[in-house]
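Worksheet for the structure shown next.
The values are calculated or read from the model by the stated rules, or taken from the named source; none is laboratory data. Please read these numbers as outputs of a predicted model, since none were measured by experiment. Neighbour counts run over all protein chains shown; Cβ positions are idealised from the backbone, glycine included. Areas reflect the complete protein model, heavy atoms only, side chains present, ligands, DNA and RNA absent. Shrake-Rupley method; radii C 1.70, N 1.55, O 1.52, S 1.80 Å.
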Amino acid sequence: MGYLPSEAEQEELISDLAELISARGSAGFLTSPIVIPHPRYLPDPWNGDLPSSQILLRRLMLYAGLDFGADLHVYDKDNGLYHKNAIAWFAGIENGRCQFGLDSKQLGDPQILIAALCHEIAHAYREHHGLCQADSVREENLTDLTTVYLGFGILTANAADRFRQAGYLEGNLAVTKTSFTRTGYLPAQSMSFLLALQLVARNLPPSRRKELVRQLETNQGEYLVRGVRHLEARRPEVLSRLGLPSESGTFVEPDIGRFTGPLDGSEKRISVRSDPDLSAAKDRERNADHTIFALRQGSGVDIFLVLIGALLGCWIWAILDRAWANPAVGACLGGIATGLLCLGKRRYRCTDTSCKTRIPAEATVCPGCGGRVGGRIRSKREIYAGEE
């Protein structure tokens, strides 16, 4: 695919967008704020944690016109049992509350996080308004298209293709690392073409178009510029295809004040829940292919108990009031008895610092992380000897 989708793909995108406009009206497509990753549109501080996600989800739902509650289920897609390939999901609307899921690892990548939430919010929008299609693949493509209709086009187009390159010195060598990620279902050219349709339909002035282009990744920015140039040449036809009025009118910047004001606690309508994927049951297989060691615990406690036993034996022997009742003998017997008791009750814990589960004496596998017990040791210094 080049800078633009093929002619057939362009026709399909215009047709699908026209169908959505017909179903939900042109006002959202023409007057909704085009959200950009800037404090003017997303004024809440981002701390990379769940409270920040809670606020972000509430803010984006307001932009989409979904003013009701939601449950945000947080999971780990790499270790999860149910969502291995999804960085986010939407599971319907139950009792007036949207059910969303979010991979906890996305908290460290706000660009992908925002795009994923925009896609899932578009799913919720389509279900709420009865727009869903039976064909799941087509529905996902239409959901990407719906993000542009709702004003999320910049956010989702940026995540469609993302190239990163970093360089650093390692000794005398110059090392360059590159990464390429893609999210969503429609390719970046299609997402940029849909965004171009929106800019042309709104008849945005050149200065505003350039401002939006600067918000895009390099490739998507070029796709958008060429898309706008391509569509401007046949704007009346495009407007007619989309079912929009032919007159251009005067561009009016949408009022974003009603979306960016203080939430005043309304973000609490979004509850954050721990998905069962994060339960201890799932964690038991984390070290299934690794060897751990059982580290003896409580040697200091054992010594303390022996001393207590000695004092207790001394006291008991002293109150017997017998000629043969020597307190020193009682102390020795009490200490020996307590020491034997501690020896029989040795405690061991997993050496994995993120586990530290207590390991029973007869166990060959850690009940906490599933690691194979390679041996029982008294000090962490023995780990290296045990590994050899």
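Results, tabulated for the structure shown:
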| read-out | value |
| --- | --- |
| Number of the condition not met by ILE34 [criteria: (1) within 19 Å of THR156 (Cα to Cα); (2) in contact (Cβ under 8 Å) with a residue 40 or more places away in the chain; (3) in a helix (DSSP H, G or I)] | (3) |
| Subset of segment 14-28 that is in a helix (DSSP H, G or I) and hydroxyl-bearing (Ser, Thr, Tyr) - its residue that is most open to solvent (accessible area, probe 1.4 Å) | SER22 |
| Subset of segment 89-106 that is touching a helix residue (DSSP H, G or I) at 6+ places or on another chain (Cβ under 7 Å) and farther than 17 Å from GLY65 by Cα - its residue that is surrounded by the fewest Cβ atoms within 10 Å (Cβ to Cβ) | TRP89 |
| Search result, residues across segment 50-71 that are charged (D, E, K, R) and either buried (at least 18 other Cβ atoms within 10 Å of the Cβ) or touching a Phe, Trp or Tyr at 6+ places or on another chain (Cβ under 9 Å) (or both) | ARG58, ARG59, ASP71 |
| Residue list for segment 127-148, restricted to those being open to solvent by less than 10 Å² (accessible area, probe 1.4 Å) and of a type outside the set (Val, Ile, Thr) | ASP144, LEU145 |
| Selection from segment 21-35 of residues that are aliphatic (A, V, I, L, M) and closer than 19 Å to ILE256 by Cβ | ALA27, LEU30, ILE34, VAL35 |
| Failed item, numbered, when ASP255 is tested on (1) of a type in the set (D, E, K, R); (2) within 20 Å of PRO206 (Cβ to Cβ); (3) assigned to a loop (DSSP other than H, G, I, E, B) | (2) |
| Unmet requirement for GLU11, which otherwise passes all of (1) open to solvent by less than 60 Å² (accessible area, probe 1.4 Å); (2) closer than 30 Å to LEU204 by Cα; (3) modelled with pLDDT of 95 or more | (1) |
| Conditions (1) β-branched (Val, Ile, Thr); (2) farther than 17 Å from LEU117 by Cβ; (3) buried (at least 16 other Cβ atoms within 10 Å of the Cβ); number of the one not met by THR31 | (3) |
| Sole exception among (1) within 37 Å of the chain's Cα centre (by Cα); (2) surrounded by fewer than 14 Cβ atoms within 10 Å (Cβ to Cβ); (3) assigned to a helix (DSSP H, G or I) for GLU237, by number | (1) |
| Unique residue being open to solvent by less than 20 Å² (accessible area, probe 1.4 Å), more than 29 Å from the chain's Cα centre (by Cα) and modelled with pLDDT under 95 when the list is LEU231, LEU169, LEU244, LEU197 | LEU244 |
| So ALA134, is it at pLDDT below 95, farther than 25 Å from GLY25 by Cα and outside any helix (DSSP H, G or I) | no |
| Meets criteria (at pLDDT 75 or above and not in a helix (DSSP H, G or I)) for TYR185 | yes |
| Residue in segment 102-122 that is farther than 28 Å from ASN47 by Cα and either touching a residue at least 60 places away in the same chain (Cβ under 8 Å) or out of contact with any strand residue (DSSP E or B) (no Cβ under 6 Å at 6 or more places or on another chain) (or both) present | no |
| Of all residues making up segment 39-49, the number that are surrounded by fewer than 16 Cβ atoms within 10 Å (Cβ to Cβ) and touching a residue at least 40 places away in the same chain (Cβ under 8 Å) | 4 |
